[in-house]
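As structure tokens, the structure follows; a few thoughts come after it.
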Amino acid sequence: MILHHEFIKKAKANSKKMAIIDRTLERRLTYSKTLIASLILTNIVKKYREGFIGIMIPTSAGCILATLATVMAGKVPVMINYSTGAAENCEYAQNKCGFRTIITSRALLERIGCRLVPGMLFIEDILASVTFSKKITAALRAKLPSAMIIRSLTRAEEDDTVVILFTSGSEKEPKGVMLTHRNFSSNIQDLIQVYNLYPDDRMMSVLPLFHVFGHNANFWLPLTTGMTNITVANPLEYKKIPVYIREEGATIIAGTPIFFAGYLRESTKGDFATCRILLAGADKVPVWLRDGFREKHDVPLLEAYGTTETSPGVSVNTPDNNRPGSIGKPLPNVYVKIVDIASGKDMPAGEEGKILVKGDLVMKGYFDDIEETSLRIKDGWYDTGDMGMIDEDGYIWHRGRLKRFVKIGGEMVSLVRTEMVLEKLVPEGTAVCVVEVPDSLKGARIVAAVTKKLNDREIMKQMTKELPAISVPKEFIVFPELPKMGSGKVDFRTITIQVRDHLKDKGRL
């Protein structure tokens with residue numbers, strides 16, 4: 001499936017249906033108007049000679065149209081994270097991919113206090129420059145049959161790169177992930193099958209399009225299935241978003257656990273009455289959050305697993321096949337195996353090892369990085385760098401990043417497992433992150449970063465009931481808040497630096 005071709009077909013077949021409901025700007029676009037607007041912007045984007053175009057706009061009609069038009073113009077959108085260090089991220093992307101033009105929003109730059117970066121163009125100015133004649137020309141072109149519109153565009157193949165998304169950089173320098181039409185199509189077709197998705201579904205889109213979860217679930221998935229896409233620029237509008245869900249009759253919402261926690265806290269009973277799918281990913285779902293949605297709204301919060309490199313969905317829980325605590329079963333066209341860390345041999349059911357993934361969802365590769373690509377993809381199998389196991393019934397259980405296993409006194413310790421035990425013991429709303437710091441005697445030791453003062457001795461005593469002493473943090477450092485990635489996930493690299501700096505200042509490192 002060529003994604004933008006599929007959008008054109010859906011737009012022609014559902015011309016009067018609402019395609020985008022932008023609740024931030026209160027704009028509503030039918031599929032017909034969305035097609036016309038994308039054709040107008042396609043002609044504008046075509047004028048830039050570069051093969052890559054940076055996009056840095058919050059989730060909105062403007063972001064969807066700019067990204068869609070870039071693809072329709074035969075160019076590759078490079079999605080830029082604006083949540084932290086926006087200007088630096090722009091320059092990193094420009095230097096990494098060798099382009100200059102970045103389509104952004106003046107309102108965004110003002111809101112986040114981002115400086116101007118050479119090459120920036122404002123979507124507000126682009127839209128204001130559209131003349132009446134351009135609108136008429138695009139409207140007439142949109143009246144043509146789908147096949148004729150498609151033939152008028154730059155030729156596209158399934159294995160063409162359709163976007164470059166950067167990895168989070170939570171552990172090291174971000175890598176540019178090249179994803180193709182085939183990658184996203186595989187994921188979309190699988191999701192349609194397991195969730196029984198249909199055009200009458202209404203997607204509540206809160207995720208940023210620079211994150212792979214949002215780029216699929218809040219962009220290509222609704223556009224290629226003929227859904228109505230309800231967008232909100234800021235996922236942290238915890239009070240407004242449950243109201244929008246109720247008002248617009250949203251049936252699906254995908255998000256991260258931290259976003260869902262905010263929606264649960266600020267929602268009232270009935271806000272999620274129309275939702276049949278609440279899908280959480282990008283981080284582990286705590287038990288209290290699942291229980292909270294079940295008790296308050298009588299809906300299951302379904303946990304899924306994916307990576308930027310897999311477009312993203314690897315495994316999902318569904319209403320009919322849901323094992324709370326697991327990350328679900330592999331999607332129909334996805335192959336997953338668990339291998340031994342040292343030998344690479346396949347592990348039997350119930351045994352932990354590294355998670356490997358194979359299928360059409362696996363990325364084309366890392367941009368301009370053949371070495372890293374070859375290290376992560378061997379014989380078609382993508383090495384996720386995550387640890388896990390598959391139980392007898394085929395459900396996958398995530399055990400954390402391999403890089404979040406540390407050797408202490410000769411023993412392998414899972415920081416994620418320690419976090420999971422700690423989270424059950426701290427007051428609700430307390431964020432925790434367990435990190436490793438150097439230790440002159442044991443080589444490393446565990447320290448917990450928390451957002452509330454705890455009774456350290458009592459917490460440690462309770463933790464030893466579930467964990468060996470070596471896995472229990474001996475120090476708890478309180479921070480007002482923990483640094484987050486754009487997805488809402490804790491920025492592990494940054495908090496590790498903060499913990500180590502704090503200990504150095506106190507003379508304890």
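Leaving out same-chain residues fewer than 8 places away, which aspartates and glutamates sit with a Cα under 15 Å from that of LYS75? Once the sequence-local aspartates and glutamates are set aside, what remains near LYS75 is GLU50, GLU157, GLU158, ASP159, ASP160. Among the chymotrypsin sites (Phe, Trp or Tyr not before Pro) found in the range 198-287, not one is both in a DSSP coil and sparsely packed, with 11 or fewer other Cβ atoms within 10 Å of its Cβ.
The packing ranking of peptides 343-354, 306-317, 413-424, highest mean first, is 306-317, 413-424, 343-354, where packing means the average number of other beta carbon atoms within 10 angstrom of each residue. Considering only LEU140, LEU197, THR167, and ranking their Cα positions along the charge dipole of the range 110-199 that arises from unit charges at the beta-carbon of Lys, Arg, Asp and Glu, the one farthest toward the positive end is LEU140. Remark: the ASN234-LYS337 segment gains 33.4 nm on full extension, using 0.36 nm per residue and subtracting the alpha carbon distance. Positive-end ranking of PHE492, TYR382, ILE149 along the dipole of the chain, with charges on Cβ about the Cα centre, is headed by ILE149. Cα centroid separation, the range 366-381 to the range 93-107: 25 Å.
By other beta-carbon atoms within 10 Å, ranking TRP288, TRP381 with the fewest at the front produces TRP288, TRP381. Under a model in which nothing but the beta-carbon of Lys, Arg (+1) and Asp, Glu (-1) is charged, the chain shows a dipole of about 1320 debye around its Cα centre.
For a modelled paramagnetic label at ILE192, 7 Å from Cα along Cα-to-Cβ, the residues of the range 243-278 in reach, with backbone nitrogen under 18 Å, are 252.
Between amide H atoms placed 1.01 Å from N, distances below 5 Å from VAL163 occur with LEU179, all of them 5 or more places distant or on a separate chain. Between the amide H of ARG27 and those of ASP22, distances stay under 5 Å, these residues lying 5 or more places away or on another chain, with hydrogens modeled in the peptide plane.
The Cβ shell under 15 Å around ARG27 holds other residues with a net charge of -1, Lys and Arg each +1, Asp and Glu each -1.
With an 8 Å Cα cut-off and a minimum separation of 6 or more residues, compute the relative contact order for the chain in percent. This gives 11 percent for the chain. Let me check I've understood the local charge: for VAL285, count other residues with C-beta under 14 angstrom from its C-beta, Lys and Arg +1, Asp and Glu -1. What total comes out? That works out to +1. A helix-only calculation puts the chain at -10000 deg cm²/dmol for mean residue ellipticity at 222 nm, using -39500 (n - 2.57) for each DSSP H run of at least four residues, averaged over all residues. Residue exposure proxy: MET485, MET148, MET387, ordered by other Cβ atoms within 10 angstrom of their Cβ from fewest to most, comes out as MET148, MET485, MET387.
Dipole check for the range 86-215: with +1 at the C-beta of Lys and Arg, -1 at the C-beta of Asp and Glu, and the Cα centre as origin, the magnitude is about 560 Debye.
Neighbours of THR180 by Cβ distance under 11 Å: Lys/Arg scored +1, Asp/Glu scored -1, total -3.
Calculate how steeply helix 492-505 sits against the longest principal axis of the alpha-carbon atoms of the chain, using the helix alpha-carbon long axis, and give the answer as 0 to 90 degrees to the nearest 10. Tilt of helix 492-505: around 40 degrees. Exposure proxy for HIS181, HIS215, HIS398: other Cβ atoms within 10 Å of each Cβ, ordered fewest to most, give HIS398, HIS181, HIS215.
Pull up the DSSP beta bridges for the range 409-505 and report the antiparallel fraction as a percent, rounded to 5. Of the beta bridges lying entirely in the range 409-505, close to 70 percent run antiparallel. Between helix 181-195 and the chain, what is the angle of the helix's C-alpha long axis to the longest principal axis, kept within 0 to 90° and rounded to the nearest 10? So the helix axis and the longest Cα principal axis differ by about 70 degrees.
The list [x] 0.99; [y] 1.55; [z] 0.97 gives values of Rg/Rh (Cα atoms, Kirkwood Rh), and only one came from this structure; which label was calculated from it? Here Rg/Rh (Cα atoms, Kirkwood Rh) agrees with entry [z].
On the beta carbon distance between GLU124 and LEU503, with R0 = 51 Å, the FRET formula returns roughly 0.65. Amide H to amide H distances under 5 Å link ILE408 with VAL413, where only residues 5 or more positions off or on other chains count and H is placed in the peptide plane.
Take the alpha carbon gyration tensor of the range 2-66, find the square roots of its eigenvalues, order them as a ≥ b ≥ c, and report rounded if a/c is under 1.5; if not, report prolate when a/b exceeds b/c, else oblate. Oblate, because a/c is 1.5 or more while a/b does not exceed b/c. Going by alpha carbons, how many degrees (0 to 90, nearest 10) lie between the helix axis of 132-142 and the longest principal axis of the chain? Tilt relative to the chain: about 80 degrees.
FYI, it's all coordinate maths here, none of it is from the lab. Because the structure is predicted, anything quoted here is derived from the model rather than measured. FYI the Cβ positions are ideal-geometry reconstructions off the backbone, even for glycines, and counts take in every protein chain you see.
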